[in-house]
Amino acid sequence: MSVLSIKGVTMEFGGIKALSKIDMDLEECEIRGLIGPNGAGKTTVFNVITGIYRPKEGDIRFNGDSILGKKPHEISGLGIGRTFQNPQLFQTLTVMDNVLIGLHTLGKSSFVSEALKLPGERKEELELREKASHILEWIGLKEVADRLGCNLPFGQQKFLEFGRAIVCKPTLLLLDEPAAGLNFEEKVNLDRLVKLLRDEMKITILLIEHDMRLVMGISDRVTVLNYGEKIAEGLPSEVRKDRKVIEAYLGEEKKLRKPKT
Amino acid sequence: MMNYYKTILLLVGLALLFVIPPFLKPYYMFMVNYILIYIILAVGLNLVMGYTGQISLGNAAFFGIGAYGSALLSIKLGIPFLICIPLGGAISAFFGFLVAVPALRMSGLYLAMVTLGFGELVQLIFFQWEGLTRGPDGIVIPKPKFGSFEFSNDYRVYYLILITALFLLIIARNIIRSRTGRAFLSIRESETAAQSLGVNLRYYKIVAFVMSAFFAGIAGALYGAFVHYISPDIFGVFESISHLSMVIIGGIGTNLGPIVGAIFVIILLEVLKGLRGMQEIIYGIILVVFMIFMSKGIWGMIKERYIDSR
């Protein structure tokens with residue numbers, strides 16, 4: 001059974017089709033690249049999956065159940081995490097607090113027990129903090145745990161957002177251009193972490209990325225969108241040779257054919 | 001080491017709060033009580049405005065609902081006043097919930113307008129429902145009693161207000177440092193990110209709003225117990241604005257800001273009372289100057305310069 005199954009999803013904004021009849025199936029523990037020129041509808045796919053937009057037609061199933069019409073926080077609670085194209089950090093909160101909010105759905109305390117600081121609440125808080133420190137160590141931000149989000153350099157902000165999305169161990173992770181703005185070293189690190197997520201934490205990943213070397217190297221399969229339509233899908237090596245894809249990327253033909261290093 | 005000093009400072013401060021008052025002149029005792037009530041109001045409002053980032057311009061209505069609610073319960077139903085204080089908070093919280101459910105579908109200026117309208121409406125009801133509130137004449141509230149102990153003067157009422165205020169401050173602090181508090185903050189910082197992490201925006205906005213109504217309701221009940229007289233004209237839009245200005249001048253979204261702001265604004269208004277006619281003008285000028293040179297508020301600035309920067 002696929003982890004995520006998108007069937008015939010159409011999304012319109014005032015008569016303009018942002019997505020038309022998109023089908024996509026993600027298998028367990030797969031890394032799926034989602035590529036396409038700017039405006040192809042990649043981020044719209046994310047917003048439809050996470051419940052920010054409600055598609056006009058079609059169905060989206062997560063682990064077999066339809067998630068259509070559910071609110072974003074409910075969908076997140078089911079185990080779908082995401083990052084954003086422009087990092088949506090909690091700027092004036094500490095790195096630690098950013099990650100702790102990522103653990104929100106794991107906490108069970110109510111505001112009454114918190115107001116009175118009942119013993120169960122304290123224990124839960126300690127457990128959450130431990131989990132958060134663990135992730136911070138994993139993404140290499142433990143030393144800056146007490147700094148404010150807005151004071152981090154851009155690369156670290158991206159990693160923080162990444163950490164915040166994976167700390168509660170989602171089943172499916174949606175990454176929206178995680179490598180944009182990262183330097184070479186950071187990209188290598190990202191590549192390594194994403195593979196670890198799949199191999200060790202068994203997380204299925206859907207990845208939007210413009211860095212072709214990264215996305216072709218890391219993805220098990222790649223889906224290509226153009227003008228809201230799916231124009232190709234398959235192994236990176238197949239997609240790379242697809243004529244429609246090359247046309248869509250007109251002018252970037254060379255880059256696509258560049259051999260893997 | 002820092003924490004060690006902080007604890008000592010806190011304990012000394014607490015001890016002083018309990019020991020000094022009997023030595024104060026009645027006028028100062030009155031002022032201290034007054035300030036404590038406004039600290040409760042400002043701290044409550046800061047939960048919804050400072051931490052959750054939702055505008056509320058109707059805080060005086062909840063202040064009034066707490067004051068009228070507790071006074072009427074004790075006068076008409078003969079419920080002991082000490083029980084009426086939490087009940088005043090509960091009634092106010094209930095109305096807070098009724099307003100929050102539809103109002104918090106909106107945000108920004110729209111939310112400001114709805115809460116402003118609610119404040120006006122409540123004041124109008126206080127004025128017009130003469131059978132219950134005695135309209136513009138207001139209500140005289142008997143001195144609260146606990147068994148045979150009467151809170152007969154400001155010195156006795158002080159301890160009642162102080163203990164309640166400390167209790168509420170601790171609650172506010174606990175909330176802010178917990179999962180709920182972080183959910184509040186996440187909404188303020190980025191609703192998009194918050195909901196993608198599973199934070200139920202509506203639920204937490206309502207919780208914050210209801211809490212601030214609860215705080216205001218308790219403050220209203222204490223106000224009645226302390227001043228012994230309430231009338232509708234107190235609970236108008238200018239009252240709401242003054243709560244707001246305390247939060248902003250002290251430092252919105254900081255833990256000590258509203259406390260500093262309440263102390264500062266009350267003392268300032270009191271000092272300016274001497275300057276008949278000029279009071280509002282000078283108050284206005286000071287507010288403008290403050291906002292220009294200290295846009296983060298008094299405590300907000302101190303925190304940024306001396307605490308966060310370390």
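Nothing in this text is a laboratory measurement; each read-out follows from the coordinates by a stated rule. Keep in mind the model is a prediction, meaning the values are calculated, not measured. Cβ: placed from backbone, ideal geometry, glycine included. Neighbour counts: every protein chain shown.
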Nearest-20 debye value, the range A:4-231 charge dipole, Cβ charges on Lys, Arg, Asp, Glu: 340 debye
In Hz, Karplus ³J(HN,Hα) per residue of the range B:45-58 (6.51, -1.76, 1.60; θ = phi - 60°; x = Gly, Pro): 5, 5, 4, 7, 8, x, 8, 9, x, 9, 6, 9, 10, x
Alpha-carbon spread of chain A, three principal axes, descending order, Å: 63, 41, 34
Given A:Lys17/A:Lys71; A:Lys71/A:Lys195; A:Lys42/A:Lys241; A:Lys108/B:Lys76, the pairs whose alpha carbons are separated by over 32 Å: A:Lys108/B:Lys76
Most fluctuating residue given options A:Met216, A:Met96, A:Met201, as computed from a GNM of chain A linking Cα atoms under 10 Å: A:Met201
Length-normalised contact order for the range B:208-310 - Cα pairs under 8 Å, 6+ apart - percent: 25 percent
Per-bin percent of Cα-Cα distances, the range B:135-268 [5 Å]: 2, 8, 13, 18, 18, 15, 11, 7, 4, 2, 1, 0
q = 0.08, 0.12 Å⁻¹: log10 I(q)/I(0) that the Debye formula gives for the protein assembly as shown, counting C-alpha atoms only: -0.65, -1.13
Sequence-distant residues sharing a close amide H with A:Arg82 (under 5 Å, placed H): A:Leu174
Fewest-first sequence of B:Tyr306, B:Tyr28 by Cβ atoms within 10 Å of each Cβ: B:Tyr306, B:Tyr28
FRET efficiency, 1/(1 + (r/R0)^6) with R0 30 Å, evaluated for B:Tyr4 and A:Lys123 via beta carbons: 0.70
Fully extended contour minus Cα-Cα distance, from B:Ile285 to B:Lys143, at 0.36 nm per residue: 47.2 nm
Extreme residue, positive dipole direction of the protein assembly as shown, given options B:Gly274, A:Ala180, B:Tyr27 (C-beta unit charges): A:Ala180
Amide H contacts of A:Leu34 (H built 1.01 Å from N, under 5 Å, at least 5 apart or other chain): A:Leu207, A:Ile208, A:Glu209, A:Thr223
The range B:183-287: trypsin sites (Lys or Arg not before Pro) in DSSP coil with no more than 13 other Cβ atoms inside 10 Å: B:Lys273, B:Arg276
Net dipole in debye of chain B [+1 Lys, Arg Cβ; -1 Asp, Glu Cβ; about Cα centre; nearest 20]: 760 debye
DSSP-defined antiparallel bridges as percent of all bridges, the protein assembly as shown, nearest 5: 60 percent
Distance from the range A:91-129 to the range B:94-122 (C-alpha centre basis), Å: 29 Å
Residue order, fewest to most beta carbons within 10 Å, for B:Leu116, A:Leu160, A:Leu136: B:Leu116, A:Leu136, A:Leu160
Amide H within-cut-off set for A:Ala18, under 5 Å, with H built and near neighbours excluded: A:Met11, A:Glu12, A:Phe13
Bins of 20 Å from zero: percent of alpha-carbon pairs in chain B: 32, 60, 8, 0
Part-to-part distance (alpha-carbon centres) for the range A:4-73 and the range B:4-83, which is given in Å: 51 Å
Computed FRET value (nearest 0.05) for B:Asn153 with B:Leu268, which takes r as the C-beta separation and R₀ as 41 Å: 0.95
Peptide ranges B:283-290, B:234-241 listed from the most packed, as the mean C-beta count within 10 angstrom indicates: B:234-241, B:283-290
Alpha-carbon centroid distance for the pair the range A:180-246 / the range B:194-237, whole angstrom: 50 Å
Exercise: per-residue mean of other protein chain Cβ atoms within 10 Å, A:94-100: 2
Unit charges at the beta carbon, dipole of chain B: most positive-side option, B:Ser148, B:Ser242, B:Tyr110: B:Ser148
Estimated distance in nm for a label pair at B:Lys76 and A:Gln91, the labels positioned 7 Å out from Cα along Cα-to-Cβ: 4.9 nm
Per-residue average of Cβ from other chains inside 10 Å of B:198-206: 5
Chain B, relative contact order [Cα under 8 Å, separation at least 6], %: 31 percent
Likely footprinting exposure, B:Phe184, A:Phe90, B:Phe23, fewest C-beta neighbours within 10 Å first: B:Phe23, A:Phe90, B:Phe184
Charge context of B:Ser240, other residues only, Cβ under 14 angstrom, K/R +1, D/E -1: -3
